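Since the structure comes first, as structure tokens, the remarks are kept for the end.
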Amino acid sequence: MTNARWASSVSDAADIGDAVAQTVGDIRRQLGGDEPDLVIAFASPHHEAHFPAIPDFVQPELGGQFFGCTGGGVIGGGREVESRPGFSLSAAVLPRVRVLPFHLTDRDLAELGAHADRWAKRLGVSADEDPQFVLLPDPFSCDVERLLSMLDQLYPCSPKIGGLASGARTAGGNALWADGRIHSEGVVGLALVGDLVIDTLVAQGCRPVGEPMFVTRCHDNRIYELDGRPPLDVLRDLYERCDEDDRLLMQHSLFLGLVMAPLRENYRRGDFLIRNIFGIDAESGALAIGAAVHDNEVVQFHLRDVITSAEDLSELLGRYRLDHDGAEPVGSLLFSCLGRGKGFYGHADHDTDAFRAFLGQVPLGGFFCNGEIGAVHGTTFLHGYTSSFGLFRQKARP
């Protein structure tokens, strides 16, 4: 029985013809000449003039469904290419898997509504067929949180992974490719159906400070009381108890974590959904954050720094390796925030090197995103400053 196989390559050649030739040649060698069922491409803005033609450059050479988008930086062959021309190709031979590409706009989301039959007809797959989703939305034109909420509602057991296209400064500047066609708005996606599972990992890169607290008064995304106290008083006490390094971080890298596993007695990394803090209203004293909250929700302040981010990623990958010993992935995609990479860690290839250290030579492609998609305790969210991995493996057989 034929097994799934993956390949990945990247080029920093300035000429798109040279970049395609290099990556296509690498893919062919890695796959031994077999034609892939799926080809995933990511291209930096340096190749903008050739965005419409990229599918025509690649598909005649490799075949398969062509899918991808633009990225401010790209990842391929286990390398990260930033701040220079970059072109990444990943390809997969997927026996016993249906590859169903789709393109949706916000108008489509409104028309489809919450009707499972309409979604099944549009995507070509129903929830009971256990599809696995890869999503590449355009940040200027797609209501991503609405999209994720609808997919979670209608396909609750299906993993969703992906990232927001990047590289463009204005609406219409990003390219989205699906089924060999180029789009400049909405979202392109893949529904993968059959002998394939996507395991998703989200490295949020934060550590908790202070203690967990109950939200005792709030409205929408504004918190008026934490454990019966004004948020500003809580923050002042926290600041006084922190050392100098954490005090500096509180000025620019302070976040709020919302507990996603409320029944646990002790919380650890991964149990929180990390959200931005927008500020404190001078008149009401309300703390505004990047998510709606409710009374009696458990929250805790978090800090992000280089050391914590590296430790969080290592812990996540190490735990995955232990949990899946004997069922390793055959391929993977990494959707990393533009705020990570060399600018954050001080050197290139940090996340890809960590991936290789724990999972070896599993082919790894991807790009640097304007937002990352992944699940926290079973619910899919749009994140920032994270690295979100999709790890592809064949289903366990009896």
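Hey, can you tell me all the residues within the stretch 50-64 that are open to solvent by 50 Å² or more (accessible area, probe 1.4 Å), touching a residue at least 24 places away in the same chain (Cβ under 8 Å) and not acidic (Asp, Glu)?
Hits for the stretch 50-64 are His50, Pro52, Phe57, Gln59.
Would you point out which residue out of Phe87, Phe102 is in contact with a helix residue (DSSP H, G or I) (Cβ under 6 Å, 6 or more places away or on another chain) and farther than 30 Å from Gly343 by Cα?
From the options Phe87, Phe102, the qualifying one is Phe102.
Does Asp108 satisfy being outside any strand (DSSP E or B), open to solvent by less than 50 Å² (accessible area, probe 1.4 Å) and under 28 Å from Ser149 (Cα atoms)?
Here the answer is yes, as Asp108 does meet what is asked.
Just give me the residues in the stretch 365-395 being farther than 15 Å from Glu82 by Cα and touching a Phe, Trp or Tyr at 6+ places or on another chain (Cβ under 6 Å), in sequence order.
Glu372, Ser388
Select, from Gly346, Gly360, the only residue that is within 24 Å of Ser83 (Cα to Cα), among the small types (Gly, Ala, Ser) and more than 18 Å from the chain's Cα centre (by Cα).
When all the criteria are applied, what remains is Gly346.
If Ala191 satisfies all but one of (1) among the small types (Gly, Ala, Ser); (2) in contact (Cβ under 8 Å) with a residue 40 or more places away in the chain; (3) outside any strand (DSSP E or B), what's the number of the condition it fails?
Answer for Ala191: the failing condition is (3).
Write out, first by first residue and then by second, each pair whose Cβ atoms fall under 6 Å of each other, whose residues are 6+ apart or on separate chains, and whose first residue, in the stretch 156-178, is without any contact (Cβ under 8 Å) to a residue 60 or more places away in the chain and under 16 Å from Thr105 (Cα atoms) while the second is open to solvent by 30 Å² or more (accessible area, probe 1.4 Å) and of a type outside the set (S, T, N, Q).
These pairs meet every condition: Ala171/Phe140.
Quick check on the stretch 2-11: of everything there that is surrounded by 18 or more Cβ atoms within 10 Å (Cβ to Cβ) and not aromatic (Phe, Trp, Tyr), which residue is nearest to Val97 (Cα to Cα)?
Ala4
Filter the stretch 23-47 for residues that are without any contact (Cβ under 8 Å) to a residue 60 or more places away in the chain and either hydroxyl-bearing (Ser, Thr, Tyr) or open to solvent by 80 Å² or more (accessible area, probe 1.4 Å) (or both); which is nearest to Asp195 (Cα to Cα)?
Once the filter is applied, the top-ranked residue is Glu35.
Name the residues in the stretch 155-182 that are surrounded by fewer than 20 Cβ atoms within 10 Å (Cβ to Cβ) and either farther than 20 Å from Leu201 by Cβ or basic (Lys, Arg) (or both), would you?
Ala168, Arg169, Thr170, Ala171, Gly172, Gly173, Asp179, Gly180, Arg181, Ile182
Which of the residues belonging to the stretch 148-170 are closer than 17 Å to Ala43 by Cα and not hydroxyl-bearing (Ser, Thr, Tyr)?
Gly162, Gly163, Leu164, Ala165, Gly167, Ala168, Arg169
Give me a count of the residues in the stretch 225-248 that are in contact with a strand residue (DSSP E or B) (Cβ under 8 Å, 6 or more places away or on another chain) and surrounded by fewer than 17 Cβ atoms within 10 Å (Cβ to Cβ).
3
How many residues are among the basic types (Lys, Arg) and over 15 Å from Ser387 (Cα atoms) when one looks only at the stretch 71-96? If you could, list the steps in order and put the result at the bottom.
Taking the stretch 71-96 as the starting set, the residues that turn out to be among the basic types (Lys, Arg) are 79, 84, 96.
Filter once more, so that each one left must be over 15 Å from Ser387 (Cα atoms): 84, 96.
Residues flagged as among the basic types (Lys, Arg) and over 15 Å from Ser387 (Cα atoms) within the stretch 71-96 amount to 2.
Out of the residues in the stretch 121-144 meeting the condition of being in contact with a Phe, Trp or Tyr (Cβ under 8 Å, 6 or more places away or on another chain) and assigned to a helix (DSSP H, G or I), tell me which one is least open to solvent (accessible area, probe 1.4 Å).
Leu123
Table: residues versus (1) touching a Gly at 6+ places or on another chain (Cβ under 9 Å); (2) modelled with pLDDT of 95 or more; (3) of a type in the set (A, V, I, L, M, F, W, C).
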| residue | (1), (2), (3) |
| --- | --- |
| Glu328 | yes, no, no |
| Gly343 | no, no, no |
| Gly346 | no, no, no |
| Asp353 | yes, yes, no |
| Val362 | yes, yes, yes |
| Ile373 | yes, yes, yes |
| Val376 | yes, no, yes |
| Gly384 | yes, no, no |
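Collect the residues in the stretch 261-309 that are open to solvent by 50 Å² or more (accessible area, probe 1.4 Å) and in contact with a Phe, Trp or Tyr (Cβ under 9 Å, 6 or more places away or on another chain), keeping them in residue-number order.
Asn276, Ser284, Asp295, Asn296, Val306
Here's the yes/no breakdown for (1) surrounded by fewer than 20 Cβ atoms within 10 Å (Cβ to Cβ); (2) among the small types (Gly, Ala, Ser); (3) more than 23 Å from Ser44 (Cα to Cα):
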position: Val330; (1), (2), (3): yes, no, yes
position: Leu338; (1), (2), (3): no, no, no
position: Asp349; (1), (2), (3): yes, no, no
position: Ala354; (1), (2), (3): yes, yes, yes
position: Phe368; (1), (2), (3): no, no, no
position: Gly371; (1), (2), (3): no, yes, no
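Which pairs do you get when a residue that is more than 13 Å from Val209 (Cβ to Cβ), found in the stretch 222-251, comes within reach of a residue that is hydroxyl-bearing (Ser, Thr, Tyr), reach meaning Cβ atoms under 6 angstrom, with the pair 6+ apart or on two chains?
Glu225/Thr216; Gly228/Thr216
The conditions are (1) in a helix (DSSP H, G or I); (2) in contact with a strand residue (DSSP E or B) (Cβ under 7 Å, 6 or more places away or on another chain), and Ser149 fails exactly one of them. Which is it?
Condition not satisfied by Ser149: (2).
The values are calculated or read from the model by the stated rules, or taken from the named source; none is laboratory data. Predicted model, so just to flag it, every value in this text is computed and none were measured. Using ideal geometry, Cβ is built from the backbone for each residue, glycine included, and neighbour counts are taken over all protein chains shown. In case anyone asks, the SASA skips ligands and DNA or RNA and just uses the protein heavy atoms, side chains included. Shrake-Rupley method; radii C 1.70, N 1.55, O 1.52, S 1.80 Å.
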